[in-house]
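Quick notes on the structure that follows.
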Amino acid sequence: MQSLTTTTPRRAGVTAVHSLHRFSFSVPDLDKAADFYQAFGLDVRSAGDRIDLHTFGHAHRWGTVYRGNGPKRIEYLSFAAYPDDFDVIVKRLSASNVPVTEPHPLADEEGVWFKDPEGIALQLVSAEKCSPCEKPPAKAVSPVPGKAAAPSRSQLGPVRPRRLSHVLLFTSDVHRSVGFYRDVLGLRLSDHSADVIAFMHGAHASDHHLLGFAKSDGPGLTIRAGTLRRSTRWA
């Protein structure tokens, strides 16, 4: 079982969330969702009217999908901070005129709740770090002359993502969303293309981004895991 923590120290003098702790959404057919994410290679665990999404060999719960009564929709996103940063980030909410809200009715973990400019429910928790601090070493395979380097699909076993690395949100105003998550949560802009798409990374992590924004006239969510991507978008 992989540890959630790392021996690499946090970046000194920087106050920011360190991980995208959890994503949550609801769907009308939970059985279909379970089949979908099992085919995706995740460790899907049933818990009554919800399923929890894990990756094999990792203790963290990356996501939760609830049984809903209507169309699929985002329920909330949860971000984690070091204990020393938690209170400072909470104070930023007041300084940025972001009101604290009541906990989401489906949430099962304590934290501070608020909403982003699109009205998406956000949670801040003090928790262990689940995002990597450094990139793993690359593994290269030397091809044999005259032999295909890539194995055929029939020879491959199930693909098992090691972690869920980021989500992409659809937003009506990319620049506004970037400013909010920068000023409140301490995320940093990785790159962007005009006002169409932008990517933000964590100050204490190594990934190119843990959160992305794409311009759209309706809310939605894309989840990224390893070399695979699955999109869930709705108006």
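Place the peptides 71-79, 15-23, 34-42 in order of packing, highest mean first, counting for every residue the other Cβ atoms within 10 Å and averaging per peptide.
Going from most to least packed, we get 15-23, 71-79, 34-42.
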- Message: Expected output is a single nm value to one decimal: the length gained when fully extending between Arg11 and Arg160, i.e. 0.36 nm times separation in residues minus the C-alpha distance. What is it?
- Response: 50.6 nm
- Cα→Cβ-extended label distance, 7 Å offset, between His104 and Leu189, nm: 2.7 nm
- Using packing as a proxy for protection, rank 147-158, 174-185 so that the peptide with the highest average count of other Cβ atoms within 10 Å comes first. 174-185, 147-158
- Taking only Cα atoms and a 10 Å spring cutoff, compute GNM fluctuations for the chain and point out the largest among Ala81, Ala47, Ala121. Ala47
- Between Val141 and Asp173, what is the FRET efficiency for a Förster distance of 41 Å, r being their Cβ-Cβ separation, to the nearest 0.05? 0.40
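Per-residue ellipticity at 222 nm for the chain, helices alone: DSSP H runs ≥ 4 residues times -39500 (n - 2.57), over residue total, nearest 500 deg cm²/dmol?
-4500 deg cm²/dmol
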- Per GNM of the chain with C-alpha springs under 10 angstrom, the most fluctuating residue out of Gly119, Gly63, Gly212 is Gly119
- Note on the structure: Between the alpha carbon centres of the range 28-78 and the range 160-175 the gap in Å comes to 16 Å
- Top mean-square fluctuation among Gly111, Gly186, Gly48, Gaussian network model of the chain, C-alpha springs under 10 Å? Gly48
- Task: Subtracting the Cα-Cα distance from 0.36 nm times the residue separation, let me have the gained length for Ser152 to Asp31 in nm, one decimal.
- Result: 40.5 nm
- Task: Mind sorting out which of [x] 27, 22, 18; [y] 29, 23, 19; [z] 36, 21, 18 is the real semi-axes √(5λ) of the Cα gyration tensor in Å computed from the coordinates?
- Result: [y]
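Between Ala39 and Ile120, what is 0.36 nm times their sequence separation minus the Cα-Cα distance? Round to one decimal in nm.
So the extension gain works out to 26.4 nm.
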- Using the Cβ atoms and a cut-off under 11 Å, what net charge is assigned to the surroundings of Ala107, where Lys and Arg are +1 and Asp and Glu are -1? -4
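All of the numbers you see were taken from the coordinates with simple rules; none came from a lab. This structure is a prediction, so every number in the text was calculated from the model and none was measured. So basically every Cβ, Gly included, is an ideal-geometry build from the backbone, and we count neighbours across all protein chains shown.
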